[in-house]
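Everything on this sheet refers to the single structure shown next.
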Amino acid sequence: MSAFRISDSARRALTAGASAGDPVANLERLGLPTRVLNVLEESRFQIILLDDLLARSREDLLSIDSLGPRSFEQIVRCLACYDKLPREFSCID
């Protein structure tokens with residue numbers, strides 16, 4: 001998870017949520033834009049779950065076609081607010 005600059009509380013919540021099978025472990029519930037979700041899923045890494053995303057480095061993610069710095073920042077923003085995220089809402093406005 002070193003690819004993401006997020007608070008320690010968000011990092012702990014992400015780790016606990018992913019290992020506990022949190023429903024947000026499905027990236028669709030994390031609040032990422034549909035385009036970003038599609039790019040992640042269709043990439044050579046086939047990133048579908050939170051665990052899949054957390055296992056990748058910044059370099060891995062930025063090497064994915066159609067996933068640039070702006071998309072990476074959207075991912076980081078969603079992960080950074082994970083510990084405050086009511087499970088029925090998303091972090092992206």
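Brief remarks follow.
- Gain in span if fully extended, Val76 to Thr15, counting 0.36 nm per residue against the direct Cα distance: 20.5 nm
- Efficiency of FRET from Cβ geometry, Thr34 and Asp60, R₀ 25 Å, rounded to 0.05: 0.75
- Neighbour net charge for Glu73 - beta-carbon separation under 13 angstrom, K R +1, D E -1: +4
- The order of the peptides 63-71, 9-17, 47-55 by mean Cβ neighbours within 10 Å, most packed first, is 47-55, 9-17, 63-71.
Every number here is computed from the coordinates shown, using simple stated rules; none is lab data. Keep in mind that what you see is a predicted model, and the values were worked out from it rather than measured. No Cβ is skipped: glycine too gets one built from the backbone with ideal geometry, and neighbour counts run over all protein chains shown.
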